[in-house]
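Everything on this sheet refers to the single structure shown next.
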Amino acid sequence: MSSPTRLSARAAAVTHEAAAAPLLHLQVLSKRFGERQILRDVSLSLQPGEIVSLVGASGCGKSTLLRIAAGLDKDFTGLIRVGGDDRPRGPHDIGVVFQEPRLFPWLDVAQNVAFAAGSPPRPDARALGLLEEVGLAAQARSLPKQLSGGQAQRAAIARALYTEPRVLLLDEPFSAVDAFTRMKLQDLLADVARRHGVTLLLVTHDIEEAVLLGDRVVVLGTEARGIVDEVAVPLPRPRERRDANLAALRTQVLDALHAAHAL
Ligand SMILES: Nc1ncnc2c1ncn2[C@@H]1O[C@H](COP(=O)(O)OP(=O)(O)O)[C@@H](O)[C@H]1O
Ligand SMILES: [Mg+2]
């Protein structure tokens, strides 16, 4: 297992190539469900190592955009490039964490993490190292039903990291857990993102979370208006929740959401 203070080779590389080409480039010209236009002219690029928070009114298409980015919805016009490449993506390119952990109930925690290794999954050193990183080493042989909601979400994060994806997409990952657990999971996510040098696109309805974790907060408009605003968070990570600058940035995001008629 890598030590918590040591950066992975990829994390170190990310630190050194700040202004590189975008790692993830998303361009959705049009996405419809039947007659209904859900997304139009959405363009979003993430730099290597960047964390982008995506906010917007309920129903504006955030989850739809994330599913498109993950390759789970192919019924759209536009393109998705990972590392300048628009070939079909695999688990080494993109990992996903949903609101619910989506663990397999018949597999233990370690097998869930190592799921991508094959069937039946045989937990290896990487799976066990990840479990240690997310604070679940003692639960490796537990079944998902024996975990708390927060623990299950930690397992989902470990599973998403198992394939060493370059980009991690998260769709309101902490909205089902209590406030204290949520804070711990936010700190955990900031920590693993830094250590693994992974680029994050985080959908959240929690404005505090958006500015605490993101380098930018992108506002998706309602009625297929595309990205209507963006608030930069020019503060070094990791951040302190009580930082007065974060409070000012939260207000900026709130104003942007008001202007977008999202509130
Ligand atoms: N599979 C689907 N079929 C039809 N409509 C859908 C489907 N999935 C989502 N929608 C609709 O698309 C819109 C955007 O949904 P979604 O992306 O889940 O929004 P958000 O995540 O921003 O709340 C909503 O109006 C939703 O009802
Ligand atoms: Mg959603």
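Just so you know, all these numbers are worked out from the coordinates, no wet-lab data involved. Given the structure is predicted, the values throughout are model-derived calculations rather than measurements. Cβ: placed from backbone, ideal geometry, glycine included. Neighbour counts: every protein chain shown.
A few remarks follow.
- The Cα center of segment 56-106 and the Cα center of segment 165-239 differ in position by 15 Å.
- For segment 217-263, the Kirkwood estimate of hydrodynamic radius, built from reciprocal distances between every pair of different alpha carbons, is 11.6 Å.
- With semi-axes defined as the square roots of five times the eigenvalues of the C-alpha gyration tensor, the equivalent ellipsoid of the chain measures 28, 21, 19 Å, largest first.
- Cα-based Rg / Dmax (Å) for segment 155-203: 10.6, 29
- Summarising the strand pairing of the chain, around 55 percent of its internal DSSP beta bridges are antiparallel.
- Only Cα pairs under 8 Å and 6+ residues apart enter the sum, and on that basis the relative contact order of the chain stands at 26 percent.
- Segment 45-117: Rg to Rh, with Rh as the Kirkwood radius over Cα pairs: 1.00
- Ignoring lysines fewer than eight residues from K74 along the same chain, the ones with Cα atoms less than 17 angstrom from its Cα are K31, K62.
- Seen from G90, the other residues with C-beta closer than 13 Å to its C-beta sum to a net charge of 0, counting Lys and Arg as +1 and Asp and Glu as -1.
- For segment 83-187, the square roots of the Cα gyration tensor eigenvalues, ordered a ≥ b ≥ c, give a/c of at least 1.5 with a/b no greater than b/c, which places it in the oblate category.
- For segment 108-164, the relative contact order comes to 46 percent (Cα pairs under 8 Å, sequence separation of at least 6).
- Inverting the pair-averaged 1/r between distinct Cα atoms of segment 108-164 gives 10.7 Å as its Kirkwood hydrodynamic radius.
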